[in-house]
Amino acid sequence: MKRHLQTHSKEKPYACEICSKTFPDRGGVNRHLLRIHTKEKPFACDLCNKTFALQQSLNSHLWVHKKEKPFVCSECNKAFCTTQRLKLHTLIHTKEKPFSCEVCLQTFTQQCHLKLHLLTHTKEKPYACEICNQSFSQKSHLKLHTLMHTKEKPFACEVCNKTFSYRGDLKRHLRTHTKEKPFTCCVCNRAFCEKSHLRRHLRTHTKEKPFSCDFCSKQFSHKSSFMRHYRTHTGEKPYCCDLCNKAFSLKDDLNRHYRIHTNEKPYSCVICNKKFSQETNLNSHYRIHTNEKPYSCDVCDRKFAQKGNLDQHYLLHTGEKPYCCDVCSKEFSQKCNLNKHYLTHTNGRTHSNEKPYCCDVCGKKFSWKSGLSKHYFAHTNEKSYSCNICGREFFHKSSFHSHCLTHADEKPYSCDVCGREFTRRFHLKSHALTHTKEKPFVCDICGKAFSQTGNLNKHRRNHTGEKPYSCNVCNKKFSQQFHLNEHYRTHTNEKPYSCNVCGREFAQKVNLEQHYLSHKNEKPYSCGVCNKGFSRKNTLKVHYRTHTDEKPYTCDVCHKDFSQKSNLNSHYRIHTNEKPYSCDMCGKEFSQKKHLNAHSFTHTNIKSFSCNSCNKRFYHKCSLNAHFLTHTNDTLYSCEICKKQFPREIDLKIHVRVHTKEKPFACDMCGKAFSQLGNFNKHRRIHVN
């Protein structure tokens, strides 16, 4: 009776000798000493050896082993191990909350909940971690925290055997197997598997943004978004992957990252059975089947299937570039572009030539995983994307979309400087560099700079001699893919490019473009030294070498230098004795095509070139030019040794060999050498006959 009266008078005559906390009875003091100060747990379970501070706690624990719940609720028939838990449960039905906070008057169904609530007023955190000294207001929070240090995961999924540190995580995981979504939105009836997801979703209806940043006052509807933003100010990344040590600012990001290592893909499409590691990726994938584009631009009304694409699109209108390089302060509209740009400073894969991704079929290596994924199509020959208009098939989705724009005649990307329009954003970016003259990609061998990383990679093959593209007909190798494509036409004799004026066909587009200039008689490229005009830029480059005397191409056999690569290739045939060009009339073979063309006139007996002075006719223009000099008495080329003069440069070169005793033409049968090609050819006939 006395003990009961104390519940009304709130009298607490018994005090703890250590912390002076008061209790209404002596048993409360004893329980307090065991739990808090002495940490003594004298009561042990005979089955699992778990220890308890109180006999009552041990008795409640024993029901766990018995699997028996004798106390049943009369309202909902839910069963419990102890009468105390049943009493607490009945308060849910009666809505009774007998425990009230004296500070804010909030009421609670259980006294332990009131005690926990009081800590929010006192800011007291009595439970501290022995490892990192982090303190907590609740003992249960401390227990959960210690699992971070012990890496213990006592809760296992019965379906896939995945383990979890917390029981709540296991419950949420089980719903990925059962597809259960018990939480439904009262506005749009959308269902969710977690209550927290429903809470976040409701804010899309209420437009509520309860989380505000202390640094920039930006508001957020989701706590995770707020924390992600907040840590952009603090730079904090408290969650670390124990496999690769990568750090994250949010735990959800860490959990998603773990699936990269485990290759777990728990979300599956019900239409095509494709699996995904993240639910957001699955939702985005569904829109491929439904063709749904729920996100619309307020400026141009263009629609997008994903919000991220809409956000990136907005930057085209605003011109905003929120991502800035810490090294050179260059700004970017997309974070992925900033990450690629960082490589130019850190000697990343673009410059170090590191290629960590290897094809398991042919062994070819790639710098990026996306490059390896695209390369696999070359082995499978699978073209998943087909054009509905012309039937053309494509390996990659991006190529397919770009092709579709050619039918629609749509060019959505335009240059702000000159107004030129493009079907692909990549082409616009490449074009923009022609205005800025920026060349951010530098060769680490020779220092030459390029505006595009692809051009740098092609250039590097000049140093390494790498030729990764091989013809499957003749096994000839090439350093660039388009050179291989052009080479294939020598086997197929395909000439897909035709002139609209004269109908002449060409195997290469660049040859057609140069041919058009012959109709216009246009020569847009002029030499800065002698003002001579040229229709092709490459021809101008070759012409410059006549002024600089540059000869960058060297023969590996005799070390002779040449100003043009084509001249070097022709020269090689002297050593190999290769004659790929043959006359259709007499079968005679030639090492160079121009020699075949000159020879063909001997069959037709047509002399197309006539001298204006004496009307003498010639088969070849070069012979006519040499003949002109006999009328003008011009002696343009003079020997530096004997001062003898010659009308043609070739005549001077042949003459110089008289002084140098050079004999570059050697017979591969008897070893005899000659200074002139004509004499060499005459000698070879001795062996043939």
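Return the loop-located trypsin sites (Lys or Arg not before Pro) in region 552-655 (DSSP other than H, G, I, E, B) with at most 11 other Cβ atoms within 10 Å of their own Cβ; answer none if there are none.
Values: sites: Lys560, Lys565, Arg573, Lys588, Lys593, Lys594, Lys607, Lys616, Arg617, Lys621, Lys643, Lys644, Arg648, Lys653; in loops: Lys560, Lys588, Lys607, Lys616, Lys643, Lys644, Arg648.
Sparse-neighbourhood loop trypsin sites (Lys or Arg not before Pro): Lys643.
So what's Rg/Rh here for region 179-224, counting alpha carbon atoms and using the Kirkwood radius for Rh? Kindly include the intermediate steps, with their values, before the conclusion.
On the way: Rg = 12.7 Å, Rh = 11.6 Å.
The Rg/Rh ratio comes out at 1.09.
Report, to the nearest whole %, how much of the accessible area of region 214-255 belongs to carbon and sulfur atoms, 1.4 Å probe, protein only. Can you show the working numbers first?
Values: 1290 of 2800 Å².
Of the solvent-accessible surface of region 214-255, carbon and sulfur hold 46 percent.
Send over a whole-number figure in Å² for the accessible area per residue of region 43-170, probe 1.4 Å.
Details: 9320 Å² over 128 residues.
Accessible surface, normalised per residue, equals 73 Å².
From the cross-link list Lys293/Lys458; Lys607/Lys653; Lys179/Lys374; Lys411/Lys537, which pairs have alpha carbons spaced over 32 Å apart?
Working: Lys293/Lys458 39 Å; Lys607/Lys653 27 Å; Lys179/Lys374 34 Å; Lys411/Lys537 28 Å.
Check vs 32 Å cut-off fails for Lys293/Lys458; Lys179/Lys374.
Find the relative contact order for region 396-546 and round it to a whole percent, using C-alpha pairs within less than 8 Å whose residues are 6+ positions apart. Don't skip to the answer; put the middle values down first.
Details: 151 pairs, mean separation 11.7, N = 151.
That works out to 8 percent.
So, in Å, what gap is there between the alpha-carbon centers of region 93-141 and region 607-677?
Taking the Cα centre of region 607-677 as reference, the centre of region 93-141 is 106 Å away.
For region 560-614, what are Rg and Dmax over the alpha carbons, in angstrom?
14.7, 43
I need the helices of the chain that pass two filters: whole DSSP H segments spanning 15 Å or more by Cα along the axis, and mean Kyte-Doolittle score no lower than -0.5.
83-94, 111-122, 397-408, 621-632, 649-660
If I take the Cα coordinates of region 262-303 and project them onto the principal axes, what are the three extents in Å, biggest first?
42, 21, 9
When the C-alpha atoms of region 512-564 are aligned to their principal axes, what extent does each axis show, in angstrom, from largest down?
43, 27, 9
Going through region 195-239, which trypsin sites (Lys or Arg not before Pro) have at most 12 other Cβ atoms within 10 Å and a DSSP loop state? Could the numbers behind the result be given before it?
On the way: sites: Lys195, Arg199, Arg200, Arg203, Lys207, Lys218, Lys223, Arg228, Arg231; in loops: Lys207, Lys218.
Passing sites in region 195-239 are Lys207.
Count the lysine pairs in region 26-137 whose Cα atoms sit under 19 Å apart, keeping only pairs 8 or more residues apart in sequence or on different chains.
So the count of such lysine pairs works out to 17.
List the lysines whose Cα sits under 18 Å from the Cα of Lys541, skipping any in the same chain fewer than 8 residues away.
Lys448, Lys523, Lys532, Lys551, Lys565
Using DSSP to define loop residues, name the chymotrypsin sites (Phe, Trp or Tyr not before Pro) in region 145-227 whose beta-carbon has at most 11 other beta-carbon atoms within 10 Å.
On the way: sites: Phe155, Phe164, Tyr166, Phe183, Phe192, Phe211, Phe215, Phe220, Phe226; in loops: Tyr166, Phe215.
Answer by residue number: Phe215.
Using helices alone, I'd like the mean residue ellipticity at 222 nm for the chain: each DSSP H run of four-plus residues gives -39500 (n - 2.57), total over residue count, nearest 500.
Values: 26 runs with 295 residues, N = 689.
Value at 222 nm, helices only, nearest 500: -13000 deg cm²/dmol.
Along its three principal axes, how long is the chain when you only count alpha carbons? Whole Å, largest extent first please.
If we take the Cα atoms of the chain, the spans are 146, 56, 44 Å.
Roughly how many Å² is the accessible area per residue of region 411-567, as a whole number, for a 1.4 Å probe?
69 Å²
Can you list, largest first and rounded to whole Å, the semi-axes you get for region 3-87 by taking the square root of 5 times each eigenvalue of its Cα gyration tensor?
29, 21, 7
Quick query: amide H of Phe183 versus all other amide H atoms, modeled in the peptide plane; which residues come in under 5 Å with a sequence gap of 5 or more or a different chain?
Phe192
Given 10 °C and 1.306 mPa s, compute D for region 72-179 with the Stokes-Einstein relation, Rh being the Kirkwood radius over Cα pairs; round to the nearest whole µm²/s.
On the way: Rh = 17.1 Å.
Roughly 93 µm²/s, to the nearest whole number.
Take the alpha-carbon positions of region 433-534, form their convex hull, and give its projected area averaged over all directions (one quarter of the hull surface) in nm². Let's see the in-between values first.
Working: hull surface 38.8 nm².
Mean shadow area of the hull around the Cα atoms is 9.7 nm².
Which percent of the accessible area of region 615-658 is formed by carbon and sulfur heavy atoms (probe 1.4 angstrom)? Please report the intermediate quantities before stating the final value.
Numbers: 1690 of 3190 Å².
Looking at region 615-658 in its full context, I get 53 percent from C and S.
So, counting K/R as plus one and D/E as minus one, what does the shell of residues with Cβ under 12 Å around Cys324 add up to? Working shown, then result.
Values: positive: Lys321, Lys330, Lys335; negative: Glu320, Asp326, Glu331.
In short, 0.
Of Gln55, Ser600, Gln106, which is farthest along the charge dipole of the chain in the positive direction, counting Lys and Arg as +1 and Asp and Glu as -1 at C-beta?
Working it through, the farthest residue towards the positive pole turns out to be Gln55.
The values are calculated or read from the model by the stated rules, or taken from the named source; none is laboratory data. Bear in mind that the values here come from a model prediction, so they are computed numbers and not experimental data. Cβ atoms come from the backbone with ideal geometry, glycine included; neighbour counts cover every protein chain shown. The area values use the complete protein model at the heavy-atom level, side chains included, leaving out ligands, DNA and RNA. Shrake-Rupley method; radii C 1.70, N 1.55, O 1.52, S 1.80 Å.
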